[in-house]
2 protein chains.
Amino acid sequence: MQSLLQANAEKAAEIKDILKTKKVLMVNLISSPGAGKTSLLEKTLPKLVDKYNVAVIEGDVETDLDGKRLDGYGVPISLINTNGACHLESISIEKALSVFDLDKLDLIIIENVGNLVCPAEFDIGEDYKVAVVSTPEGADKPAKYPLLFQEASLLINNKIDLLPYINFDKEFFTNEVKKLNGNLPIIPTSCKNDIGIDEWVSWLEQKIKMKKTD
Amino acid sequence: MQSLLQANAEKAAEIKDILKTKKVLMVNLISSPGAGKTSLLEKTLPKLVDKYNVAVIEGDVETDLDGKRLDGYGVPISLINTNGACHLESISIEKALSVFDLDKLDLIIIENVGNLVCPAEFDIGEDYKVAVVSTPEGADKPAKYPLLFQEASLLINNKIDLLPYINFDKEFFTNEVKKLNGNLPIIPTSCKNDIGIDEWVSWLEQKIKMKKTD
């Protein structure tokens, strides 16, 4: 296990070096199954593709269902099937990257396997981990799965359109997040009602610019 | 990894032997984070405790939040903190069982760590795996995380009260489940509106009786 983590970390460092040279931003989306990562990408990509060269790495245990949903958005997609594994590792990211022309990219968004636990443990060469938590999952998720929220640089609180129909204690949620990571910005979003998408896209654009001048 | 799985399987077989002798049914609840396993237990326990001796094993990465929610229902609770691990293993179940008087129990319900992937891979000595999928997670979860649905003996489709507010293709969901496991019964439930709880409790009661006469 220790040597596996070591090998993963070394490969992640290599990927970081390459992406630094190429000035390509890489963002790692992590959430529970069904929190809305793919829906978020469906809303995000149309707002980016005219200004930036974007690519997506789709991580899934099996199937290409999410990859198919993103077909037609005009971005290259590299699919990783983990064959049962519950998270992506840097060795698969290296392979996934090999199908892209890094000289022509500004941004790579990774959709990790749906899992709140293990993906947070593996650095896969990304610049930022972005946590996505949907409101019906409950406000206790940060407290119960703390590592992701400690590691993340942004928290997207998705499906806020469902707030009228569920018990979701926003104050508890925000306070628990603050306890774990005082600097973690939270963007409330609804992919259904197009709320917060522009703010999230602005966050990405700012990070793309930072990476160019890094 | 292979020897870890082997050790887990051997310990699971030991647990199965003990529970067979003691005629105690053990059910393993598996779901994504926030699918409603604890809420389901909050609705289930009051319907069982007058007739049966029930205990709960709470699996969590950290915290005793779920265990606390189940305080006051009159059942002994054994908490397992996995310290970061994304699933329960039989070695922890053995320890958790040691705090119960098995001669006085009819049913043990395990609430596994919130994760659709890894818990399905580990036999922990249970009689049945029960999958819980909540409607806001989306109808594509069985197809995307097939192992759990192949391993499960019952599928609880929770949070059906949210159906009017979300896109959830029931027919697609049911068909995908059938493809993976033709014998998997589905019970639609709403903990909020008390739908399907009696059916689930009946399922448990039937299995308790089967275990007694096994």
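The values are calculated or read from the model by the stated rules, or taken from the named source; none is laboratory data. The structure displayed is predicted, hence computed values, not measured ones. Please note: Cβ atoms are built from the backbone with ideal geometry, for glycine as well, and neighbour counts cover all protein chains shown. For accessibility, only protein heavy atoms count, side chains too; no ligands or nucleic acids. Shrake-Rupley method; radii C 1.70, N 1.55, O 1.52, S 1.80 Å.
Would you point out which residue out of A:L45, A:L40 is within 14 Å of chain B (Cβ to nearest Cβ), over 24 Å from A:A12 (Cα atoms) and part of a helix (DSSP H, G or I)?
Exactly one of A:L45, A:L40 is within 14 Å of chain B (Cβ to nearest Cβ), over 24 Å from A:A12 (Cα atoms) and part of a helix (DSSP H, G or I), namely A:L40.
Please work out which residue is most open to solvent (accessible area, probe 1.4 Å), limiting yourself to region A:86-104 and to residues that are within 14 Å of chain B (Cβ to nearest Cβ) and in contact with a strand residue (DSSP E or B) (Cβ under 9 Å, 6 or more places away or on another chain).
Of everything passing the filter in region A:86-104, A:H87 is most open to solvent (accessible area, probe 1.4 Å).
Tally the residues that are closer than 17 Å to A:E121 by Cβ and of a type outside the set (S, T, Y), restricting the search to region A:85-97.
Residues that pass the stated criteria total 7.
Which members of region B:114-146 meet the condition of being of a type in the set (A, V, I, L, M, F, W, C), in contact with a Pro (Cβ under 9 Å, 6 or more places away or on another chain) and facing another protein chain (nearest Cβ under 7 Å)?
B:L116, B:V117
What is the number of the single condition among (1) open to solvent by less than 40 Å² (accessible area, probe 1.4 Å); (2) touching a residue at least 40 places away in the same chain (Cβ under 8 Å) that A:D214 does not meet?
(1)
Those residues that are touching a helix residue (DSSP H, G or I) at 6+ places or on another chain (Cβ under 7 Å) and of a type in the set (V, I, T), I need them from region B:165-214; list them, please.
B:I166, B:V177, B:I186, B:I187, B:T189, B:I195, B:I197, B:V201
Quick check on region B:52-84: of everything there that is among the hydrophobic types (A, V, I, L, M, F, W, C) and open to solvent by 40 Å² or more (accessible area, probe 1.4 Å), which residue is farthest from the other protein chains (Cβ to nearest Cβ)?
Filtering region B:52-84 down to residues among the hydrophobic types (A, V, I, L, M, F, W, C) leaves B:54-57, B:61, B:65, B:70, B:75, B:77, B:79-80.
Restricting the remaining residues to those that are open to solvent by 40 Å² or more (accessible area, probe 1.4 Å) gives B:65, B:77, B:79.
On the way: B:L65: 6, B:I77: 16, B:L79: 13 Å.
The extreme case among them is B:I77.
I'd like the full set of residues that are assigned to a helix (DSSP H, G or I) and free of Cβ contacts under 8 Å to residues at least 60 places away in the same chain, limited to region A:186-204.
A:E199, A:S202, A:W203 - these are the residues of region A:186-204 that are assigned to a helix (DSSP H, G or I) and free of Cβ contacts under 8 Å to residues at least 60 places away in the same chain.
How many residues are in a loop (DSSP other than H, G, I, E, B) and either open to solvent by 10 Å² or more (accessible area, probe 1.4 Å) or farther than 21 Å from B:S31 by Cβ (or both) if we restrict to region A:12-35?
So the answer is 3.
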